[in-house]
Amino acid sequence: MCTKRPVAAVDQRGISLIELIVFIVIVGVALAGIAAAINYNVQHSVDPVVKKQALAIAESMLEEVMLQNYADPDGTNTGESNRSNWDDVDDYHGYTSTGIYAIDDLTTPISGLSDYTVSVQVETVASFNGISGQTKRIVVTVTGPIGTTVKLEGYRTHYAS
């Protein structure tokens, strides 16, 4: 006796073409989303480095200015046309530079920092924490290559040593 199973009762194995197409579409959409997220992260991964560099430049310039004398020690600005000769806080007022220069070499920008711009503003503050007329506000602004801007301010007071 021959026992044949009917055609409808045969076990189905594998996947159909429709199932395969649905699977490919779902995986394609998921991969496109992952690729977009990776692309965004790669494009913005340099942002923290630029911000940190701009902050370091601003801190350095603010420190340079604040370490200067409150008032001109020789009472004149003669011979102070070069930044390396500046000897008081007011000499930095209006200073702007595209490219960052070391204080000991003001002719060659520091390698890799030519896209940064730094500017300094100095103004006398009328009253600061009970000290009247003896305080200068220093604002250092640094702009980085991708539009990053860092602004720091400090106060320099006139005190007797």
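Rule-based calculations on the coordinates, nothing more; no lab input. Every value quoted in this text rests on a predicted model; they were computed, and no experiment measured them. Cβ sites come from the backbone with ideal geometry, for glycine too, and all protein chains shown count toward neighbours.
Values for this structure:
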quantity	calculated
Sorted by Cβ neighbour density within 10 Å, fewest at the top, the residues Y92, Y40, Y101	Y40, Y101, Y92
Alpha-carbon centroids, the range 34-104 and the range 134-156: separation in whole Å	8 Å
Reachable aspartates and glutamates, given that their alpha-carbon falls under 16 Å from the alpha-carbon of K136 and they are not under 8 places away in the same chain	E63, E64, D72, D87, D88, D90, D91, E123, E153
Volume per residue of the C-alpha convex hull in the range 91-150, rounded to whole Å³	101 Å³
Using alpha-carbon coordinates, inclination of helix 47-66 to the longest axis of the chain, degrees	10 degrees
Rg to Rh quotient for the chain, alpha carbon positions, Kirkwood Rh	1.56
Using alpha-carbon coordinates, inclination of helix 17-44 to the longest axis of the chain, degrees	10 degrees
All aspartates and glutamates inside 13 Å of K151 as judged from Cα atoms, apart from same-chain residues fewer than 8 positions distant	E59
Size-normalised alpha-carbon gyration radius of the range 10-82, reference 2.2 N^0.38 Å	2.80
